[in-house]
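The values are calculated or read from the model by the stated rules, or taken from the named source; none is laboratory data. Note that the coordinates shown come from a computational prediction; the quantities given were computed from them, not determined experimentally. Quick reminder, even Gly has a Cβ in these numbers, built from the backbone with ideal geometry, and neighbours come from all protein chains shown. SASA here: full protein model, heavy atoms, side chains in, ligands and nucleic acids out. Shrake-Rupley method; radii C 1.70, N 1.55, O 1.52, S 1.80 Å.
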Amino acid sequence: MTGTAKIDQTISEKAKAFNLLAPPDDYFDDPSPYFRLLRDGDPVHQQEDGTVLLTRYDDVRQVWRDLSGLVYKGEFFEKKFGKGPLLEHHTSTMLFRDNPDHDRLRDIVNPFFSQTSIKSLTDFTQDVIDREIKKVKQMGEFDFVRDFAFRIPVALICRVIGIPVEDADYIQGVGRKVLFPLNPQVSVEAIKQGHEAVTEFMGYLLPFLDEIKARRTIDPSESILCAMAAAQRNGVEVSDAEILHMCIVTLNGGHETTTNLISQSMHFLMDDPESKRQLVEGEVALPTALEELIRFITPLQLQGRRTTNDVELASGNGTIPAGTEVVLAQASANRDERVFEDPDRLNFARRPNNHVAFGAGIHVCLGRPLARMEAPIALASVLKELPTLVRNGEARFQHNTRFRGLEELPVRLA
Ligand code: HEM
């Protein structure tokens, strides 16, 4: 990097020593002090694998917007994963495709995330939530993540894709193995499991696609699988493998992040009686509160981009040379005190709240209208129907740098 502005020497040394590829254990409980250190001491952080980690809001947004189309990571992933199904998956979905392929794939599924489509899912969502609330009321003691938060997004995304919700646990297990190798540093075993999981997931999905393709007529509005099969039949260039990879990425994106949002929202609200009171007493509108929770939690913490030309950071933080793999830390951007006052505090009155938790540019989160519909309904129902919910043991965070999520959140009804 060139031209980096002058920074306090001690903070700079500490920040330079930080290694996202092997973060300290307490990073997973709360990464925010480490991100603050990086923002202050080494905002353009060179890592030992050659990637550059950006942590300041302005830098993250600039690279996201300017290079929003440049995500293909074939060479980088091949070095990391080797050849095989995992490489094929992470180079075939729209998440890691540049245009025109990105838009070709995204255009087929976009209608499922329009305001009208999402609105039509509201009653179904409330029914799922009511059913799950009833179950946990009977349980009395339960794990808020596994027994409640996870059940809602997975039911919704299974319906949108067109697969049975009864397979939810299987989908979560296999999906995690596909996603985990995207973390900055992973074991050989995790990569092996990732390859196997992609093959298994595609094998699971294929019979559903085959059944639809055998139909005489396909209704594209029925499900994402139907929409993709219908598009293929109508001459849109999309292969069977692309359809299956699309379902995997949408299933994964559709439940992991939103589960983490719903469960962490309750986790933090239980420690913040004033914010909880504001919600319970209707002092703040839930959609407004939700945006602050999304900023505060940032369920998807990191993103990758590759520069194709030298990028001079407008902040004056230096120039990133062409051909650099850049890691954007939106989790850090959303806590940047240069943009958000008192950023480590939940503040439902925060205005403006231009967080970047859903990304920016052409890859901006496809499912954000779905998350923005389901999470407030889930939270409102929990606050109303389970008013005596209290902790029943230690919450535990996953050891995952990309997806910040709770492994478990033991609770009980007092
Ligand atoms: C709070 C919940 C969610 C968060 C924080 C979140 C976050 C994100 C972010 C940051 C991106 C941009 C990735 C990039 O720029 O490389 C993204 C993309 C994506 N998200 Fe979400 N997401 C959430 C919920 C969902 C849901 C419910 C779905 C269900 C369909 C979904 C599906 C996707 C897909 C398919 C993409 C790839 C879009 C593309 O490459 O064009 N996400 N998400």
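Mind computing the radius of gyration and Dmax over the alpha-carbon atoms of the stretch 155-278? Å is fine for both.
Spelled out, the Cα radius of gyration and Dmax of the stretch 155-278 are 17.8, 58 Å.
Starting from the residue with the highest accessible area, list Asp271, Asp98 in decreasing order, probe 1.4 Å.
Values: Asp271 100, Asp98 35 Å².
So, going from the largest accessible area down, we get Asp271, Asp98.
Please work out how much length the chain gains when fully extended from Ser187 to Asp210, using 0.36 nm per residue of separation minus the C-alpha to C-alpha distance, in nm with one decimal. Could you put the intermediate results ahead of the total?
On the way: separation 23, 0.36 × 23 = 8.28 nm, distance 3.49 nm.
Result for the pair: 4.8 nm of gain on full extension.
How big is the accessible area of Cys247 in square angstrom, nearest 10, if you roll a 1.4 angstrom probe over the protein chains?
0 Å²
Once ligands and nucleic acids are excluded and a 1.4 Å probe is used, how much of Ser114 is accessible, expressed in Å² to the nearest 10?
40 Å²
Between Asp130 and Glu312, what length in nm is gained on full extension when 0.36 nm per residue of separation is reduced by their alpha carbon distance? If you can, show how the numbers build up before the last one.
Details: separation 182, 0.36 × 182 = 65.52 nm, distance 5.14 nm.
So the extension gain works out to 60.4 nm.
What does the chain give for Rg and for Dmax, in Å, if only its C-alpha atoms count?
Just the Cα atoms of the chain yield Rg and Dmax of 21.3, 70 Å.
What ranking do 344-354, 227-237 get when scored by the average of other Cβ atoms within 10 Å per residue, highest first? Please report the intermediate quantities before stating the final value.
Working: 344-354: 13.7, 227-237: 17.0.
Ranking the peptides 344-354, 227-237 by packing returns 227-237, 344-354.
In the stretch 261-366, which GluC sites (Glu not before Pro) are in a loop and have at most 14 other Cβ atoms within 10 Å, using DSSP for the loop call?
Working: sites: Glu274, Glu281, Glu283, Glu291, Glu292, Glu312, Glu325, Glu337, Glu341; in loops: Glu281, Glu283, Glu337, Glu341.
Answer by residue number: Glu281, Glu283, Glu337, Glu341.
What residues from the stretch 183-209 fall in the zone where the backbone N is under 12 Å from a label point 7 Å along the Cα-to-C-beta line of Asp49?
183-188, 191
Filter the cross-link list Lys119/Lys276; Lys83/Lys177; Lys80/Lys213; Lys14/Lys177; Lys14/Lys192; Lys119/Lys384 down to pairs whose alpha-carbon distance in this structure exceeds 24 Å. Mind showing how you got there, number by number?
Details: Lys119/Lys276 26 Å; Lys83/Lys177 17 Å; Lys80/Lys213 35 Å; Lys14/Lys177 33 Å; Lys14/Lys192 34 Å; Lys119/Lys384 22 Å.
Exceeds cut-off: Lys119/Lys276; Lys80/Lys213; Lys14/Lys177; Lys14/Lys192.
With runs of 4+ DSSP H residues as the only contributors, calculate the mean residue ellipticity of the chain at 222 nm using -39,500 (n - 2.57) per run, divided by the residue total and rounded to the nearest 500.
Working: 18 runs with 213 residues, N = 414.
Estimated from H runs of four or more residues: -16000 deg cm²/dmol.
Could you report the accessible area of Lys16 in Å², rounded to 10, computed with a 1.4 Å probe on the protein chains as they sit in the structure?
120 Å²
Using a 7 Å offset from the Cα along the Cα-to-Cβ direction at both Phe28 and Tyr72, what is the distance between the two label points in nm, to one decimal?
Placing both labels 7 Å beyond Cα along the Cβ direction yields 3.5 nm.
Send over the per residue convex hull volume for the stretch 269-312, Cα only, as a whole number of Å³.
Working: hull volume 5.3 nm³, N = 44.
Each residue corresponds to 120 Å³ of Cα convex hull volume.
So what is the relative contact order for the chain, in percent, with contacts set as C-alpha pairs under 8 Å and at least six apart? Before the final figure, lay out each step's value.
Working: 639 pairs, mean separation 107.4, N = 414.
Computed over the chain, the figure is 26 percent.
How large is the dipole of the stretch 9-413 about the Cα centre if only Lys and Arg carry +1 and Asp and Glu carry -1, each at its Cβ, rounded to the nearest 20 debye?
Numbers: 47 positive and 60 negative charges, 101 e Å.
In debye, rounded to 20, the stretch 9-413 gives about 480.
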